[in-house]
Amino acid sequence: MNKLYFSCALSALLLLLSDCSCKKENIRLAFISGMNPEFNYELYAPLLESENIEWKAYTNEESQELFKPEHSGEYDVIVFYDICLDEFPETGKKDLVDVVSKGKPVFVLHDGLLTYNEWPEFAKIAGMKYFMSSQDVDGVEYGVSFYKHKQELPITVVDKQHFITQGMDETFAFHDEIYDRLWKSPDIHPLWTTTHPESEKVVMYTHSYGKAKVVGIVTGHGPEIFNDKNFKLAFERSIHWLVK
């Protein structure tokens with residue numbers, strides 16, 4: 001009787017442990033939507049409706065509360081997309097710098113490179129910067145950056161061994177908007193480049209700020225590109241790499 005009871009209990013325990021080991025906690029994204037008070041969920045669905053990814057959109061104003069220390073445990077990755085032009089108050093800037101420098105990962109996607117355009121420290125977090133006005137960076141004067149819609153953008157994967165790029169085609173192309181005349185940190189690590197003559201050469205990169213990992217993708221105007229298999233793979237793998 002005791003042997004039978006022990007055997008049943010052991011089987012139940014092993015089954016419970018097996019079920020627990022198969023469950024993966026969702027990665028929680030804080031998706032900063034900037035100037036969009038009415039967030040277009042359908043537009044981003046191809047990217048964000050991925051397995052093990054849970055996300056919530058925040059406006060620029062809402063994110064000022066989000067970055068406070070008491071809320072930092074509510075999300076795993078900060079995603080900057082769309083144009084957040086409104087300036088943070090000094091307390092908001094400090095909160096963002098603190099939470100990222102302590103290790104909160106950041107994903108800067110396309111228009112996110114325009115975020116907080118008059119705040120130099122955000123460029124150091126992002127690793128690249130699109131200029132909305134002429135600005136000085138470390139004694140170098142930069143003019144307004146350049147963009148152009150509806151371009152055929154050839155892409156080459158330049159680091160084929162990186163976790164993010166594994167399984168991608170070595171070369172492919174996007175039909176999307178291009179950016180050029182950007183500032184970029186000398187410390188970024190390129191993953192994708194392009195030979196388009198009017199585009200910034202580095203199209204995807206990794207970076208770090210304090211203890212935090214950062215991923216940046218220069219392209220991504222959507223919605224066509226959001227359905228591209230290589231772009232979707234890059235987005236999903238970036239999220240998983242950021243929390244590794």
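The values are calculated or read from the model by the stated rules, or taken from the named source; none is laboratory data. Quick caveat, the model's predicted, so the values are computed rather than measured. Here the Cβ positions follow ideal geometry from the backbone for every residue, glycine too, while neighbour counts run over all protein chains shown.
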If you go through segment 54-68, how many residues are crowded, with 18+ Cβ neighbours inside 10 Å and assigned to a helix (DSSP H, G or I)? 4
If you go through segment 133-164, how many residues are in contact (Cβ under 8 Å) with a residue 12 or more places away in the chain, under 30 Å from His240 (Cα atoms) and part of a loop (DSSP other than H, G, I, E, B)? 5
Could you check, for segment 136-148, whether at least one of its residues is surrounded by 17 or more Cβ atoms within 10 Å (Cβ to Cβ) and of a type outside the set (Ser, Thr, Tyr)? no
Considering residues that are part of a helix (DSSP H, G or I) and either touching a Leu at 6+ places or on another chain (Cβ under 9 Å) or in contact (Cβ under 8 Å) with a residue 40 or more places away in the chain (or both), the number found within segment 109-132 is 11
Condition first: surrounded by fewer than 22 Cβ atoms within 10 Å (Cβ to Cβ), outside any loop (DSSP other than H, G, I, E, B) and not hydrophobic (A, V, I, L, M, F, W, C). Can you find one or more residues in segment 215-228 that meet it? yes
Given (1) more than 23 Å from Phe131 (Cα to Cα); (2) not in a loop (DSSP other than H, G, I, E, B), number of the condition Tyr179 does not satisfy: (1)
Return the total of residues in segment 70-101 being within 14 Å of Leu242 (Cα to Cα) and part of a loop (DSSP other than H, G, I, E, B). 2
(1) modelled with pLDDT under 95; (2) outside any strand (DSSP E or B); (3) charged (D, E, K, R) all hold for Glu198 apart from (1)
